[in-house]
């Protein structure tokens with residue numbers, strides 16, 4: 001179960017009370033306060049003590065976040081901050097999350113490219129490689145393999161992948177991203193069947209060579225943040 005204590009922190013602001021004041025008045029241990037700051041579950045006894053101290057109800061200090069995707073937060077040097085982040089909320093200015101781009105290449109030198117579903121909130125029906133956010137508790141490689149299974153139904157082997165490079169992105173096209181992007185390349189000649197995917201994020205897939213991908217890009221049908229493909233993934237120049 002995912003929970004959020006945003007209501008608690010807002011209530012403290014309204015009451016002009018600091019977190020330290022709450023800890024002392026409610027007699028909460030420091031490690032429990034750490035759990036609250038990380039949006040981790042605490043006992044009903046603790047929640048009751050907070051409610052009594054603030055003259056509040058449970059709903060005033062805690063909310064359930066259904067199906068929330070939780071990320072680990074890192075600093076700009078890729079060091080874990082020991083804090084969690086709920087996808088969809090504004091990232092803190094000092095917090096970065098880990099994302100992966102996964103390029104899958106067959107023995108013919110073609111890449112597995114996917115078209116985003118029409119219901120995607122960003123870039124609907126545009127083409128891209130597999131990619132997404134690494135969730136709490138995963139490392140980059142685990143995230144890359146999971147994303148491939150979820151999006152295109154492909155089971156990648158860890159030994160077939162290599163990380164090409166890492167890029168820290170703070171602002172893209174005027175939008176704050178605050179992510180650390182790992183770009184992976186996997187060699188794969190197995191079956192591709194979208195019926196094996198575990199999400200509906202992708203509407204169709206195709207094996208494409210560099211020239212075909214470039215045509216999509218020039219026609220504004222390829223996600224533009226993936227332009228690095230032509231210089232840093234597939235380094236062959238088009239004549």
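The values are calculated or read from the model by the stated rules, or taken from the named source; none is laboratory data. Computed from a predicted model, the values in this text were never measured in an experiment. Note: ideal-geometry Cβ built from the backbone for every residue, glycine included; neighbour counts use all protein chains shown.
Remarks
- The lone criterion from (1) in contact with a helix residue (DSSP H, G or I) (Cβ under 8 Å, 6 or more places away or on another chain); (2) crowded, with 21+ Cβ neighbours inside 10 Å; (3) closer than 23 Å to residue 2 by Cβ left unmet by residue 102 is number (3).
- Residue within the range 137-147 that is surrounded by 12 or more Cβ atoms within 10 Å (Cβ to Cβ) and more than 26 Å from residue 39 (Cα to Cα) present: yes
- Residue count, the range 38-55 (criterion: surrounded by 12 or more Cβ atoms within 10 Å (Cβ to Cβ) and farther than 28 Å from residue 91 by Cβ): 4
- From the list 6, 35, 25, the lone residue that is surrounded by 13 or more Cβ atoms within 10 Å (Cβ to Cβ) and touching a helix residue (DSSP H, G or I) at 6+ places or on another chain (Cβ under 8 Å) is 25.
- The residue that is farthest from residue 197 (Cα to Cα), among those in the range 96-128 that are in contact (Cβ under 8 Å) with a residue 60 or more places away in the chain, in a loop (DSSP other than H, G, I, E, B) and under 19 Å from the mean Cα position of the chain (by Cα), is 123.
- Residue list for the range 79-88, filter: loosely packed, with under 12 Cβ neighbours inside 10 Å and either in contact with a strand residue (DSSP E or B) (Cβ under 9 Å, 6 or more places away or on another chain) or in contact (Cβ under 8 Å) with a residue 24 or more places away in the chain (or both): 80, 82
- The single condition among (1) part of a loop (DSSP other than H, G, I, E, B); (2) within 28 Å of residue 204 (Cα to Cα); (3) in contact (Cβ under 8 Å) with a residue 40 or more places away in the chain that residue 91 does not satisfy is (2).
- From 209, 173, 220, residue being at pLDDT 95 or above, on the phi > 0 side of the Ramachandran plot and over 17 Å from the mean Cα position of the chain (by Cα): 220
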